[in-house]
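Asks: Please find one structure pasted underneath; my questions will follow.
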Amino acid sequence: MFFTYSLINGQNLVNNSRFEEYYHLPELKYDHDRYLDSAFICKYWHRIKGTTPDYYHINAKHNYFTIPFSRMGYNPVIRDSAYIGFIPFDLIGNTEIISNELLLPLEAGKKYEISFFYRYAKYISYYQLSKLEIYLSPDINNFKSINYPFSFYKDVITTNTKANVVFDSIINDGEWHIATAIYNARGGEKYLSFGIFYQNDKLFKIMNEYLMNNFVIGQNMDKYERFVKKYAKYLSFIRSNPFFNPDEIKETLVVTFETKNKIETTISKWKFPYYFIDDVSLVEIK
């Protein structure tokens, strides 16, 4: 896909596009309680129940969410005082889709320019993505209806949840970059969602094999290389991050295995790709 960028004089239809409006500043209490509904801390933004996209602010009440230094490393703002961070996809099934309720629904046949700034968490991300995707839809009922304690990719993404706009060739150098695209509206689109959406049916089986082999906690790594080669054409959008520094990441995954003879606990660094988003725009092209 080829992207262009132009200055367009028009109304930005993204509500709270720079994440400056919030219900309260981020803190750990919010971090623990936010599984209870689909509301996100930023006004006019929504998440899937059971997922935890992050809100960062220069005045955050806990250093997990401060700017420029947080648990995700050094990440200064582009402008203003806030941005969000999320896991679009990982191989054990995490997906933190984040959705905006637009000011007005899009009109059929009209063209719109979509743009946003993104930044890759270069040193704490075990994986990196080659693309980010946007799903424009008349509602997000399929996301809100999820009632699992934790919401996984296979529970959220269906064959009907396909990206309208794909931002290929994402730059993973740990700096802020702008992504832009032109979208031809079908009409009635009222929500804009970020994530990695439906790819193919094979992907669900691949993710299950990845999980069952305990690759996420570093076991059976002799099989892992064969796994990557075997499914290369299905996993072309996700790859290992050559800049990953395990000393940078504070998040850990604790897994307990109980067998007939013993109980074993393994602590591993969490393996995910992490991205920040800011200054989202959707403007009609006159």
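The values are calculated or read from the model by the stated rules, or taken from the named source; none is laboratory data. Note that the coordinates shown come from a computational prediction; the quantities given were computed from them, not determined experimentally. Here the Cβ positions follow ideal geometry from the backbone for every residue, glycine too, while neighbour counts run over all protein chains shown.
Asks: Any idea which of 106, 91 is assigned to a loop (DSSP other than H, G, I, E, B), farther than 23 Å from residue 180 by Cβ and not polar (S, T, N, Q)? Explain how you work it out, then say what you get.
Replies: Details: 106 fails: farther than 23 Å from residue 180 by Cβ.
Result: 91 is the single residue among 106, 91 that is assigned to a loop (DSSP other than H, G, I, E, B), farther than 23 Å from residue 180 by Cβ and not polar (S, T, N, Q).
Asks: Sticking with this structure for a sec: Mind checking which pairs have a first residue in the range 268-286 that is more than 14 Å from residue 53 (Cβ to Cβ) and a second that is charged (D, E, K, R) and at pLDDT 95 or above, Cβ under 7 Å, 6 or more apart or different chains?
Replies: Qualifying pairs under 7 Å: 279/18; 283/113; 284/110; 285/111; 285/113.
Asks: I want to confirm something. Restricting to the range 273-286 and keeping residues that are at pLDDT 90 or above and part of a loop (DSSP other than H, G, I, E, B), which single residue is nearest to residue 71 (Cα to Cα)?
Replies: To start, the set of residues in the range 273-286 that are at pLDDT 90 or above comprises 273-285.
Still in the list and also part of a loop (DSSP other than H, G, I, E, B): 273-274, 285.
Working: 273: 14, 274: 12, 285: 39 Å.
Only one residue fits best here, namely 274.
Asks: Looking at the range 113-139, I want the residues that are closer than 23 Å to residue 247 by Cβ and of a type in the set (Asp, Glu) and have a partner that is outside any strand (DSSP E or B) and at pLDDT 95 or above with Cβ atoms under 9 Å, at least 6 apart or on another chain. Which pairs are those?
Replies: From residues that are closer than 23 Å to residue 247 by Cβ and of a type in the set (Asp, Glu), there are no pairs.
Asks: Which number in (1) more than 19 Å from the chain's Cα centre (by Cα); (2) surrounded by 13 or more Cβ atoms within 10 Å (Cβ to Cβ); (3) at pLDDT below 90 marks the one condition that residue 6 misses?
Replies: Here residue 6 clears every test but (2).
Asks: Select from the range 222-272 the residues that are in contact with a Gly (Cβ under 9 Å, 6 or more places away or on another chain) and at pLDDT below 65 and write down the one among them that is farthest from residue 173 (Cα to Cα).
Replies: 266
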